[in-house]
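Visitor: Input: one structure, supplied below.
The values are calculated or read from the model by the stated rules, or taken from the named source; none is laboratory data. No experiment lies behind these values; they were computed from the predicted model shown. In this analysis, Cβ positions are derived from the backbone assuming ideal geometry, glycine residues included, and neighbour counts consider all displayed protein chains. Calculation scope for accessible area: heavy atoms of the full protein, side chains included, ligands and nucleic acids excluded. Shrake-Rupley method; radii C 1.70, N 1.55, O 1.52, S 1.80 Å.
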Amino acid sequence: MTLPPGQRAVEGFPRFGTHLHRPPPPVSADPVIEIGGALTEPITLSVTDLAKLPRRDLAADFHCVAGWSATGLLWEGVPFETFYRAQVEPLLESDAPVSHIVFEGLDGYRSIVLFEDALADDVLIADRLDGRPLDSDHGAPVRLVSPGQYGYVSTKHLCRIEFHTSEPPDPDRWSPLAAHRRARVWQEERHRHLPGRVVRPVYRALIGPIRALSARGSRTSRQ
(Lines give C-alpha, C1' and ligand atoms only; values in the text may rest on other atoms or scores of the structure.)
Protein backbone atom coordinates (compact mmCIF):
# COMPACT_ATOMS: atom_id res chain seq x y z
CA MET A 1 0.00 0.00 0.00
CA THR A 2 1.40 3.39 -1.02
CA LEU A 3 0.41 6.37 1.09
CA PRO A 4 0.92 10.07 0.34
CA PRO A 5 4.08 11.76 1.67
CA GLY A 6 4.24 11.97 5.45
CA GLN A 7 1.19 9.75 6.13
CA ARG A 8 1.00 6.65 8.34
CA ALA A 9 -1.79 4.08 8.30
CA VAL A 10 -3.77 3.63 11.53
CA GLU A 11 -6.24 1.00 12.66
CA GLY A 12 -9.87 2.01 12.36
CA PHE A 13 -11.15 5.47 11.53
CA PRO A 14 -10.65 7.97 14.38
CA ARG A 15 -13.25 10.63 15.00
CA PHE A 16 -11.90 14.06 14.09
CA GLY A 17 -13.04 17.68 13.98
CA THR A 18 -12.81 20.99 15.80
CA HIS A 19 -15.21 20.01 18.60
CA LEU A 20 -13.82 16.62 19.58
CA HIS A 21 -14.37 17.13 23.30
CA ARG A 22 -18.11 17.60 22.78
CA PRO A 23 -20.71 15.17 21.44
CA PRO A 24 -21.72 15.37 17.77
CA PRO A 25 -24.49 17.86 16.96
CA PRO A 26 -28.11 16.66 17.04
CA VAL A 27 -29.75 15.90 13.70
CA SER A 28 -33.38 16.73 12.94
CA ALA A 29 -35.88 14.08 11.89
CA ASP A 30 -35.98 15.55 8.35
CA PRO A 31 -32.53 17.05 7.73
CA VAL A 32 -31.98 19.51 4.90
CA ILE A 33 -29.13 21.28 3.13
CA GLU A 34 -29.48 25.02 2.53
CA ILE A 35 -27.97 26.16 -0.76
CA GLY A 36 -27.15 29.83 -1.28
CA GLY A 37 -24.64 32.37 -2.49
CA ALA A 38 -24.46 33.53 -6.11
CA LEU A 39 -27.82 32.05 -7.10
CA THR A 40 -30.91 33.68 -8.52
CA GLU A 41 -32.68 32.32 -5.44
CA PRO A 42 -31.63 30.23 -2.44
CA ILE A 43 -33.05 26.74 -2.19
CA THR A 44 -33.33 24.00 0.40
CA LEU A 45 -32.80 20.35 -0.48
CA SER A 46 -33.86 17.58 1.87
CA VAL A 47 -31.36 14.81 2.50
CA THR A 48 -34.05 12.38 1.36
CA ASP A 49 -34.33 14.12 -2.03
CA LEU A 50 -30.55 14.34 -2.33
CA ALA A 51 -30.32 10.56 -1.99
CA LYS A 52 -32.59 10.17 -5.03
CA LEU A 53 -29.95 11.66 -7.35
CA PRO A 54 -27.64 9.25 -9.23
CA ARG A 55 -25.29 7.61 -6.75
CA ARG A 56 -21.93 5.87 -6.71
CA ASP A 57 -19.70 3.81 -4.44
CA LEU A 58 -16.18 5.06 -3.80
CA ALA A 59 -13.34 3.05 -2.30
CA ALA A 60 -10.93 5.63 -0.91
CA ASP A 61 -8.58 6.27 1.98
CA PHE A 62 -9.00 9.22 4.34
CA HIS A 63 -5.90 11.31 5.07
CA CYS A 64 -5.75 13.57 8.12
CA VAL A 65 -3.44 16.59 7.97
CA ALA A 66 -1.98 15.42 11.31
CA GLY A 67 -0.35 12.53 9.45
CA TRP A 68 -2.62 9.51 9.96
CA SER A 69 -4.55 7.73 7.24
CA ALA A 70 -7.62 5.49 7.56
CA THR A 71 -7.39 3.00 4.71
CA GLY A 72 -9.79 0.75 2.83
CA LEU A 73 -12.93 2.81 3.40
CA LEU A 74 -16.02 2.39 1.21
CA TRP A 75 -18.14 5.52 0.86
CA GLU A 76 -21.56 5.77 -0.77
CA GLY A 77 -23.37 8.89 -1.86
CA VAL A 78 -24.03 11.41 -4.61
CA PRO A 79 -21.11 12.76 -6.66
CA PHE A 80 -20.78 16.45 -5.90
CA GLU A 81 -20.63 17.28 -9.61
CA THR A 82 -23.94 15.43 -10.15
CA PHE A 83 -25.54 17.46 -7.36
CA TYR A 84 -24.06 20.68 -8.75
CA ARG A 85 -25.22 20.12 -12.34
CA ALA A 86 -28.74 19.08 -11.32
CA GLN A 87 -29.52 21.43 -8.45
CA VAL A 88 -27.21 24.45 -8.63
CA GLU A 89 -26.10 25.20 -12.17
CA PRO A 90 -29.61 26.09 -13.42
CA LEU A 91 -29.89 28.72 -10.67
CA LEU A 92 -26.52 30.44 -11.04
CA GLU A 93 -26.35 34.14 -11.73
CA SER A 94 -24.93 34.69 -15.20
CA ASP A 95 -22.59 37.63 -14.63
CA ALA A 96 -19.65 35.79 -13.01
CA PRO A 97 -18.46 32.17 -12.71
CA VAL A 98 -18.26 30.35 -9.40
CA SER A 99 -14.71 30.29 -8.02
CA HIS A 100 -15.12 29.08 -4.42
CA ILE A 101 -17.58 26.92 -2.50
CA VAL A 102 -18.17 27.08 1.25
CA PHE A 103 -19.33 23.93 3.07
CA GLU A 104 -20.80 24.33 6.56
CA GLY A 105 -21.68 21.68 9.12
CA LEU A 106 -24.17 21.55 11.97
CA ASP A 107 -21.23 21.89 14.37
CA GLY A 108 -20.38 25.30 12.89
CA TYR A 109 -17.29 24.08 11.03
CA ARG A 110 -16.68 25.59 7.58
CA SER A 111 -14.35 24.65 4.75
CA ILE A 112 -13.64 26.80 1.69
CA VAL A 113 -12.91 24.82 -1.46
CA LEU A 114 -11.84 25.93 -4.93
CA PHE A 115 -14.51 25.22 -7.52
CA GLU A 116 -12.22 23.00 -9.58
CA ASP A 117 -11.31 20.89 -6.55
CA ALA A 118 -14.94 20.43 -5.49
CA LEU A 119 -15.86 19.16 -8.96
CA ALA A 120 -13.16 16.46 -9.02
CA ASP A 121 -14.62 13.11 -10.02
CA ASP A 122 -14.00 11.49 -6.62
CA VAL A 123 -15.77 14.12 -4.48
CA LEU A 124 -19.00 12.90 -2.87
CA ILE A 125 -21.77 14.08 -0.64
CA ALA A 126 -21.74 10.83 1.30
CA ASP A 127 -24.44 9.30 3.48
CA ARG A 128 -23.04 5.78 3.98
CA LEU A 129 -19.71 4.35 5.08
CA ASP A 130 -18.69 0.69 4.85
CA GLY A 131 -22.23 -0.44 4.05
CA ARG A 132 -23.96 1.45 6.87
CA PRO A 133 -25.52 4.90 7.25
CA LEU A 134 -23.05 7.46 8.57
CA ASP A 135 -22.97 7.52 12.34
CA SER A 136 -22.79 10.70 14.39
CA ASP A 137 -19.01 10.47 14.91
CA HIS A 138 -18.35 10.47 11.17
CA GLY A 139 -20.71 13.13 9.91
CA ALA A 140 -24.37 12.07 10.00
CA PRO A 141 -26.61 12.67 8.21
CA VAL A 142 -24.38 13.57 5.21
CA ARG A 143 -20.86 14.87 4.76
CA LEU A 144 -18.43 15.99 2.09
CA VAL A 145 -15.79 13.44 1.09
CA SER A 146 -12.82 14.65 -0.95
CA PRO A 147 -10.18 11.87 -0.87
CA GLY A 148 -7.54 13.84 -2.74
CA GLN A 149 -7.47 16.52 -0.04
CA TYR A 150 -6.66 16.43 3.66
CA GLY A 151 -9.58 15.63 5.93
CA TYR A 152 -10.19 19.18 7.12
CA VAL A 153 -11.79 19.89 3.73
CA SER A 154 -14.36 17.10 4.15
CA THR A 155 -16.94 18.93 6.27
CA LYS A 156 -19.10 16.67 8.45
CA HIS A 157 -22.82 17.06 9.30
CA LEU A 158 -23.30 19.07 6.11
CA CYS A 159 -26.16 21.56 6.39
CA ARG A 160 -25.28 24.47 4.10
CA ILE A 161 -23.42 25.02 0.81
CA GLU A 162 -22.63 28.49 -0.55
CA PHE A 163 -21.38 29.31 -4.04
CA HIS A 164 -19.14 32.37 -4.42
CA THR A 165 -17.71 34.27 -7.38
CA SER A 166 -14.66 35.45 -5.38
CA GLU A 167 -12.70 34.15 -2.43
CA PRO A 168 -14.69 34.49 0.83
CA PRO A 169 -13.06 36.03 3.92
CA ASP A 170 -10.96 33.54 5.87
CA PRO A 171 -10.56 34.33 9.59
CA ASP A 172 -7.81 31.69 9.94
CA ARG A 173 -5.56 33.07 7.21
CA TRP A 174 -2.81 34.18 9.61
CA SER A 175 -3.27 31.49 12.25
CA PRO A 176 -0.04 29.66 13.23
CA LEU A 177 -1.76 26.50 11.90
CA ALA A 178 -3.32 28.17 8.87
CA ALA A 179 -4.48 25.31 6.68
CA HIS A 180 -3.49 25.24 3.02
CA ARG A 181 -6.41 26.21 0.84
CA ARG A 182 -6.07 23.39 -1.68
CA ALA A 183 -4.94 20.72 0.81
CA ARG A 184 -3.84 18.25 -1.88
CA VAL A 185 -2.39 15.23 -0.10
CA TRP A 186 0.01 14.08 -2.82
CA GLN A 187 1.53 17.59 -2.97
CA GLU A 188 1.64 17.62 0.87
CA GLU A 189 -0.16 20.94 1.05
CA ARG A 190 -0.64 20.99 4.83
CA HIS A 191 0.10 24.58 5.80
CA ARG A 192 -0.73 27.89 4.16
CA HIS A 193 2.79 29.31 4.42
CA LEU A 194 5.24 26.50 5.31
CA PRO A 195 6.36 23.39 3.39
CA GLY A 196 4.52 20.22 4.37
CA ARG A 197 7.55 18.30 5.62
CA VAL A 198 8.50 21.22 7.91
CA VAL A 199 5.21 21.06 9.83
CA ARG A 200 4.96 17.24 9.98
CA PRO A 201 6.41 16.97 13.53
CA VAL A 202 4.03 19.64 14.84
CA TYR A 203 0.95 17.98 13.40
CA ARG A 204 2.03 14.49 14.47
CA ALA A 205 2.38 15.73 18.03
CA LEU A 206 -1.34 16.50 17.92
CA ILE A 207 -2.41 12.92 17.15
CA GLY A 208 -2.37 11.80 20.80
CA PRO A 209 -4.43 14.73 22.10
CA ILE A 210 -6.84 14.35 19.16
CA ARG A 211 -7.45 10.69 20.04
CA ALA A 212 -8.02 11.57 23.70
CA LEU A 213 -10.48 14.34 22.90
CA SER A 214 -12.21 12.13 20.36
CA ALA A 215 -12.74 9.40 22.94
CA ARG A 216 -14.05 11.94 25.44
CA GLY A 217 -16.55 13.37 22.95
CA SER A 218 -17.73 9.91 21.88
CA ARG A 219 -18.25 8.83 25.52
CA THR A 220 -20.24 11.99 26.19
CA SER A 221 -22.47 11.33 23.19
CA ARG A 222 -23.36 7.86 24.54
CA GLN A 223 -24.31 9.04 28.03
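Visitor: Between 0 and 90 degrees, rounded to the nearest ten: what's the tilt of helix 207-222 against the longest Cα principal axis of the chain?
Guide: On a 0 to 90 degree scale, this one is about 60.
Visitor: To the nearest 0.05, what FRET efficiency results for SER99 and THR48 with a Förster distance of 41 Å applied to their C-beta separation?
Guide: It comes to 0.85.
Visitor: Which net charge results for the neighbourhood of HIS191, defined as the other residues with beta-carbon distances under 11 angstrom from its beta-carbon, given Lys and Arg at +1 and Asp and Glu at -1?
Guide: Here the charged neighbours net out to +3.
Visitor: Determine the dipole magnitude for the chain: charges of +1 sit on the beta-carbon of Lys and Arg, -1 on that of Asp and Glu, nothing else is charged, the reference point is the Cα centre, and the result goes in debye to the nearest 20.
Guide: With Lys and Arg at +1 and Asp and Glu at -1, about 1240 debye.
Visitor: Right, here's the next one. What's the percent breakdown of Cα-Cα distances in the chain across 5 Å bins, shortest bin first?
Guide: 1, 7, 14, 19, 21, 17, 12, 6, 2, 0, 0
Visitor: Follow-up. What distance in nm lies between label points placed 7 Å from Cα along the C-beta direction at ASP170 and THR2?
Guide: Distance between label points: 2.9 nm.
Visitor: Using a 1.4 Å probe over the heavy atoms of the protein chains, calculate the carbon and sulfur portion of the accessible area of the chain as a whole percent. Display every interim value, and only then the final one.
Guide: On the way: 5680 of 10750 Å².
Looking at the chain in its full context, I get 53 percent from C and S.
Visitor: Now for a separate question. Please pull out the direction-averaged projected area of region 144-205, using the convex hull of its alpha-carbon atoms, in nm² to one decimal place.
Guide: Averaging across all directions leaves 5.3 nm² for the Cα convex hull.
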